[in-house]
Amino acid sequence: MKVTLEKLTKIYPHRVKKGEFVTAVSDFNYEIPDGKLIGLLGPSGCGKSTTLNMICGLEKPSSGRILFGDDDVTAVSPENRGVGMVFQNYALYPHLTVRQNILFPLQNLKGKDKLTKEEMEKRAEEAAKLVQIDMLMDRKPNELSGGQQQRVAIARSLVKMPRVLLLDEPLSNLDARLRLQTREEIRRIQRETGITTVFVTHDQEEAMSISDSIVVMKEGTVQQTGKPQEVYDDPVNLFVAKFLGTPPINVFEARIEGGKVMIGDDAVLTVKDEKDRPVWAAIRPEGFIIDENGPLHCRLNAVEVMGRDISVVSENEAAENPTVRSIVDADNLKKLSGETVSFSVKPHKIFLFEKDTEERIRFEKKG
Ligand code: ATP
């Protein structure tokens with residue numbers, strides 16, 4: 001089921017300041033293709049949950065429309081939209097068994113949707129099998145691990161065969177290992193069912209790893225959409241560049257001077273037809289090459305060996321953060337001695353942004 005968001009906007013009265021308003025989501029336009037998993041990503045308060053709540057019908061948009069396929073569902077109540085929701089706090093009924101928890105949404109179906117007892121049992125079994133908890137059906141939630149409980153919550157949201165599945169930070173309560181495992185599970189389940197899914201998270205790595213496409217939001221507005229790798233390789237502004245990637249991108253106060261990009265006194269890149277001005281230069285950790293004749297000089301702080309790669313921690317006065325992190329092949333280890341380290345920079349791993357607007361400068365390389 002294709003989901004279309006058209007100029008979706010939500011304005012709340014301010015919680016504290018009387019007479020003031022908060023624009024939680026502003027003019028959100030997006031088409032979620034049928035059967036795809038979309039990661040909605042951004043820092044706390046950027047409007048992710050509000051967007052999700054409008055898609056499921058818990059919140060009414062201030063303006064704009066939501067379409068499921070060709071149906072305008074903007075005014076349709078949540079129970080009639082055919083959406084499954086999984087929240088961070090999955091709130092299973094503690095006094096019910098896994099089977100009863102999964103059956104619960106089916107028992108409330110009315111009219112033409114009403115199912116026989118056999119049909120309900122069959123659906124519950126199928127949903128439990130899909131999330132691989134069919135052997136735990138007679139346990140109570142407190143007899144399950146966090147990951148197993150989350151699977152029950154997913155089974156419960158799938159049992160009504162939703163047209164759209166909405167997941168709001170579903171992994172936040174799990175420890176690191178379970179998070180990893182459960183996110184792979186969610187991906188598998190989504191692929192097997194082909195249900196159009198929106199996955200909300202503030203964790204960029206999580207979103208990048210499982211989404212077909214990501215939507216990066218800031219203060220209620222969409223910054224950029226696209227396949228995770230495309231957005232990573234081609235950010236439209238400094239916010240997106242900084243938000244994606246671990247370790248994060250290294251940002252330097254720089255300037256264009258006579259066709260050269262200068263970080264301090266180091267000319268790191270040559271550009272064509274750009275007027276002299278201050279800029280932000282941002283270099284991905286994998287964009288540095290250790291090169292004794294390289295133009296960028298940093299003070300060497302530490303070298304962290306991570307097996308195949310090493311992380312070189314250094315300092316540069318023009319860097320926005322005190323430390324510069326670069327990831328290079330472990331073969332470079334022997335080149336790292338002394339107090340300074342020199343780098344050349346891979347031209348496709350350095351991005352320039354306007355100093356004031358922080359918009360990307362699409363420069364042409366010289367030569
Ligand atoms: P988080 O990751 O912290 O959950 P989020 O990206 O999901 O954040 P939202 O919960 O959608 O963000 O909130 C977006 C903005 O709208 C925030 O500034 C928030 O304070 C505000 N907001 C959300 N719900 C309400 C409400 N019911 N009344 C007033 N303001 C609200």
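Just so it is clear, none of the values below were taken in a lab; they were calculated from the coordinates. Keep in mind that what you see is a predicted model, and the values were worked out from it rather than measured. All Cβ positions, even for glycine, are placed from backbone atoms using ideal geometry, and neighbour counts span all protein chains on display.
Taking 7 Å along the Cα-to-C-beta vector as the label spot, tell me the Ala330-Phe104 distance in nanometres, rounded to one decimal.
4.9
Starting from the alpha-carbon convex hull of the stretch 168-291, give the projected area averaged over all orientations, in nm².
Directional mean of the projected Cα hull area for the stretch 168-291 stands at 10.6 nm².
When N is the residue count of the stretch 96-194, what does its C-alpha Rg come to as a fraction of 2.2 N^0.38 Å?
1.07
Give the relative contact order (percent, whole number) for the chain; include only Cα pairs under 8 Å separated by 6+ residues.
15
Run the helix sum for the chain: -39,500 (n - 2.57) per DSSP H stretch of 4+ residues, divided by residue count, reported at 222 nm to the nearest 500 deg cm²/dmol.
That calculation yields -6500 deg cm²/dmol at 222 nm.
Using per-residue counts of other Cβ atoms within 10 Å, averaged over each peptide, order 141-148, 203-210 from highest down.
For the peptides 141-148, 203-210, the packing ranking is 203-210, 141-148.
At each listed q (0.09, 0.13 Å⁻¹), what is the log10 of I(q)/I(0) that the Debye formula gives for the stretch 16-154 modelled as equal alpha-carbon point scatterers?
These q points yield log10 I(q)/I(0) values of -0.38, -0.76.
Using only the alpha-carbon atoms of the chain, report the extent along each of the three principal axes, biggest first, to the nearest angstrom.
76, 48, 41
Within the stretch 117-139, name every residue whose backbone N is under 14 Å away from a label modeled 7 Å from Cα of Tyr93 along the Cβ vector.
none
Given springs between every Cα pair under 10 Å in a Gaussian network model of the chain, which of Glu286, Glu320, Glu20 has the largest fluctuation?
Glu20
Among the listed pairs Lys36/Lys117; Lys48/Lys140; Lys242/Lys346, which are separated by more than 26 Å between their Cα atoms?
Beyond 26 Å between Cα atoms: Lys36/Lys117; Lys48/Lys140.
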